[in-house]
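Working notes for the structure below.
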Amino acid sequence: MIGALFDIDGTITTRSTERIFLKWLIKKGHLSYFKVMVAFIRFLLSGKFRSYSDFKTNKMFYKSFSVSFLEELGRQCFHEEIKSTIRSSMRVEIQKCKSENLRTIFLSGSIESLVKPMVEYFEADGYICSRMAVDHGKYTGHLEGLHPYGIRKKKLAEKFAQESSVNLIQMACYANEWQDRHLMEVCGRPVAVAPDALLRKIAIEKRWEIIEA
């Protein structure tokens with residue numbers, strides 16, 4: 001192996017970082033329930049909502065936040081809330097990779113403002129995440145490019161690997177849910193972390209490594 005891909009939400013952390021962040025924003029008064037409701041209605045009316053995976057692309061909650069301000073809020077939330085949800089087993093695995101001079105790449109459908117603090121904390125070598133469009137220094141709430149979820153996560157990882165002159169067959173892949181199977185199947189060492197029922201079944205059938213917690 002020359003490196004490892006680590007899914008963040010549910011794999012490195014026990015919970016969704018974006019759900020933690022939205023609740024934190026409301027608690028701190030940076031976001032209201034009314035704005036969340038409006039964002040949800042706008043998304044429904046946009047005609048983009050056809051499945052659960054489409055729902056995960058809704059980032060209208062962040063519309064009009066400045067890039068710098070949301071990055072600062074992301075760092076605050078990471079240290080106050082998200083850091084405590086990091087699995088001890090993943091700390092061990094990430095540090096093991098770094099001690100062996102393996103490249104560590106983090107993946108998440110969460111926004112860059114939440115992924116960057118995690119990357120900085122572990123001194124990871126790169127990351128793939130949701131990227132929002134920016135207009136005059138403020139987020140529009142619309143995504144640019146593919147949302148890293150399901151088969152799209154695999155496509156983005158393949159693009160990253162090609163641009164970095166890396167072969168995914170030489171990479172480990174740590175992930176926790178059935179939707180991650182597309183990416184795990186093209187990596188040389190798939191590792192299921194606290195897997196959901198469907199991923200557990202696949203992992204057992206294919207004799208992938210399983211980390212329970």
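Per-structure values
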read-out: Amide H within-cut-off set for C173, under 5 Å, with H built and near neighbours excluded; value: L5, R189, V191
read-out: Solvent-accessible surface ranking, highest first, for V92, V186 at 1.4 angstrom; value: V92, V186
read-out: Sequence-distant residues sharing a close amide H with Y127 (under 5 Å, placed H); value: F106
read-out: Segment 123-193, relative contact order in percent, only Cα pairs under 8 angstrom and at least six apart counted; value: 24 percent
read-out: Listed peptides 1-13, 190-202, 94-106 by packing density, highest first (mean Cβ within 10 Å); value: 1-13, 190-202, 94-106
read-out: Viscosity 1.306 mPa s, 10 °C: Kirkwood-radius Stokes-Einstein D of segment 1-127 over Cα pairs, µm²/s; value: 101 µm²/s
read-out: Whole-angstrom gap from segment 1-31 to segment 160-193, using each part's C-alpha centre; value: 20 Å
read-out: Prolate/oblate/rounded call for the chain, Cα gyration tensor, a/c under 1.5 rounded; value: prolate
read-out: Per-residue SASA entry for L114, accessible area with 1.4 Å probe, Å² rounded to 10; value: 10 Å²
read-out: Förster radius 22 Å - calculated FRET efficiency between I26 and S66 (Cβ-Cβ, nearest 0.05); value: 0.75
read-out: Ranking by accessible area, most exposed first, for R19, R181 with a 1.4 Å probe; value: R19, R181
read-out: Lone cysteines, the chain (no partner Cβ under 4.7 Å); value: C77, C97, C129
read-out: Heavy atoms of M60 accessible to a 1.4 Å probe, total area in Å² rounded to 10; value: 20 Å²
read-out: Label-point separation in nm, S165 to R42, each point 7 Å along Cα→Cβ; value: 4.3 nm
read-out: Length gained when the stretch D196-E80 is fully extended (0.36 nm per residue, less Cα-Cα span); value: 39.0 nm
read-out: In Å², nearest 10: area of S84 left accessible to a 1.4 Å probe; value: 100 Å²
read-out: Inter-label distance for V186 and R131, nm, one decimal - labels placed 7 Å from Cα along Cα-to-Cβ; value: 1.8 nm
read-out: Coil-residue GluC sites (Glu not before Pro) of segment 158-197, DSSP, other Cβ within 10 Å capped at 14; value: E185
read-out: Structure-based [θ]222 nm, the chain - -39500 (n - 2.57) summed over DSSP H runs of at least 4, per residue, nearest 500; value: -12000 deg cm²/dmol
read-out: Cβ-derived FRET efficiency at R0 25 Å, H142 paired with E120, nearest 0.05; value: 0.45
read-out: Heavy-atom accessible surface of the chain: percent carbon and sulfur, 1.4 Å; value: 53 percent
read-out: Spatially proximal lysines relative to K154 (Cα-Cα < 30 Å; intrachain offsets below 8 disregarded); value: K23, K48, K56, K59, K63, K83, K96, K98, K116, K138, K201, K206
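The values are calculated or read from the model by the stated rules, or taken from the named source; none is laboratory data. Not measured: the values here are computed from a predicted model. Don't worry about glycine lacking a Cβ; one is built from the backbone with ideal geometry, like all the others, and counts go over all protein chains shown. Protein only, heavy atoms only, side chains kept; ligands, DNA and RNA dropped before computing areas. Shrake-Rupley method; radii C 1.70, N 1.55, O 1.52, S 1.80 Å.
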